[in-house]
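Take a look at the structure set out below.
The values are calculated or read from the model by the stated rules, or taken from the named source; none is laboratory data. Everything numeric here is computed off the predicted structure, so don't read it as measured data. Quick reminder, even Gly has a Cβ in these numbers, built from the backbone with ideal geometry, and neighbours come from all protein chains shown.
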Amino acid sequence: MQTALILAPFLAATAYAQAGCTNVSVVGDATYCVQGKICGAEGDACPKKGDVAVASCLKTLKSYVDATKCVAPADATCQKIPSGARGCVFGAAPATTATPAITATAAPATTVANKNGKCSTNYSQCNGQNWPNGVCCEDPNFECKFKDQYLSTCEPKPKKDVEDSEQAGCTNVSVVGDATYCVQGKICGAEGDACPKKGDVAVADCLKTLKSYIDGTKCVAPADATCQKIPSGARGCVLGAAPATTAAPATTAANKNGKCSTNWSQCNGQNWPHGVCCEDPNYQCNFKNEYLSLCEPKPKMAVEDAESHVWTIARWAQCGGKNFVTNNGVCAPEDKCQAWNEWYSQCIPKPNDDDASAQPRFAQCGGKDYKGNTKCGSQDKCQSWNEWYSQCVPKN
């Protein structure tokens, strides 16, 4: 009887394998058998919500149902892990045996956005517990990197990933609220304005909910996308008739009739026949909705000489990092500019006297054989993930 119990999991797993599926372990959870090319160098197949585990089912797991089975609580996604490999991870449903930050995963920019199609801007949040938007980045040269179960941020891809794309003769660019396309020339950004054209076929992120969706195999751009200013201050590709949370800049090229709009008048919208531009160089075409954009004054700092001004950066906003330009922006007197890595610094509240000797937020604060500081700030708590790793995380 005991021998039969020991062999049962093995036999179950073997039966699944013979059925044409391959075993794959979910980080911090059980092992499942999935169809297709499993998550790795050549595939991205992971367990789906409702799949039953074939091995490693423990009572402490989020997927645990009863003594006989574990069931995937959500779709797992194929994400990059610190070792450089890719592995399956449950996104919005973290396991109760939460994986520590040192073994956690980094969600790639190619991860499909959810129904609202909204991807994140550079260096901003792109995932976390109960995250309502897409686990993806607007900039194709950035990827969604895991920090802990509460936070992932859009950070630059390794240089090699960008170069590989360029060597193919085109560069991947995401259209705001739509799919990803590969375009020739200098893509929309600080030094270029190339965007997908009508009829271009998407190379990634094709979803049924998108305007460009044709059938189960492809998405096709329904109109020319234009390079427009987005709220983050960067420029991104936007489909003219498709709704997007962008502001069209005054520098956007006029169409064939060359007609730009006067101050405070319409300058873009669904089936707009004229140029997406403003006559007055001190005005810009600001997006209101899919039917209307208006020529409105540029922000004062964009009109006047920015070097003669000092302005205050909002709390929790970016204040520094490699290639980041502040334009004389500084944190408020009660805040400080905290560097999290070479790419990202953030305005955060200055610590009180009790916090002066505390560990920074998201730093290690305990664990077996850990010899460092165990004190977290007054707004944080030392969360134990397992016997080896504890971390300072927000109390709320």
Counted residues in the stretch 342-396 being of a type in the set (Val, Ile, Thr) and in contact with a Phe, Trp or Tyr (Cβ under 6 Å, 6 or more places away or on another chain) come to 0
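When you look at Thr226, is it surrounded by fewer than 21 Cβ atoms within 10 Å (Cβ to Cβ) and either in a strand (DSSP E or B) or modelled with pLDDT under 75 (or both), yes or no?
Values: surrounded by fewer than 21 Cβ atoms within 10 Å (Cβ to Cβ): no; either in a strand (DSSP E or B) or modelled with pLDDT under 75 (or both): yes.
The answer is no for Thr226.
When you go through Asp51, Asp75 one by one, which is the residue that is closer than 29 Å to Pro158 by Cβ and at pLDDT 85 or above?
Details: Asp51 fails: closer than 29 Å to Pro158 by Cβ.
After applying the criteria, what remains is Asp75.
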List pairs: first in the stretch 315-335 and touching a residue at least 40 places away in the same chain (Cβ under 8 Å), second part of a loop (DSSP other than H, G, I, E, B) and surrounded by 14 or more Cβ atoms within 10 Å (Cβ to Cβ), Cβ under 6 Å, 6+ apart or cross-chain? Gln318/Tyr123; Gly321/Trp343
Name the residue, out of Asp200, Asp215, Asp205, that is modelled with pLDDT under 85, outside the structural domain of Asn141 (by TED's automatic domain parsing), surrounded by 13 or more Cβ atoms within 10 Å (Cβ to Cβ) and farther than 21 Å from Asn289 by Cβ. Asp205
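Looking at Ala93, is it modelled with pLDDT under 65 and closer than 30 Å to Cys365 by Cβ? Let's see the steps before the verdict.
Working: modelled with pLDDT under 65: yes; closer than 30 Å to Cys365 by Cβ: yes.
Yes: the conditions hold for Ala93.
Just to verify a result, which residue in the stretch 370-387, among those that are out of contact with any strand residue (DSSP E or B) (no Cβ under 8 Å at 6 or more places or on another chain) and modelled with pLDDT of 90 or more, is farthest from Ile348 (Cα to Cα)? Walk me through how you get there before you give the answer.
Here is the first cut: in the stretch 370-387, the residues out of contact with any strand residue (DSSP E or B) (no Cβ under 8 Å at 6 or more places or on another chain) are 371, 378, 386-387.
Remaining after also requiring modelled with pLDDT of 90 or more: 371, 386-387.
Values: Lys371: 27, Asn386: 28, Glu387: 30 Å.
Of everything passing the filter in the stretch 370-387, Glu387 is farthest from Ile348 (Cα to Cα).
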Answer residue from the stretch 253-280, given it is modelled with pLDDT of 85 or more and more than 34 Å from the chain's Cα centre (by Cα) and is surrounded by the most Cβ atoms within 10 Å (Cβ to Cβ) among those: Ser261
Can you tell me which residue in the stretch 316-339 is modelled with the lowest pLDDT, limited to those that are crowded, with 17+ Cβ neighbours inside 10 Å and outside any loop (DSSP other than H, G, I, E, B)? Gly329
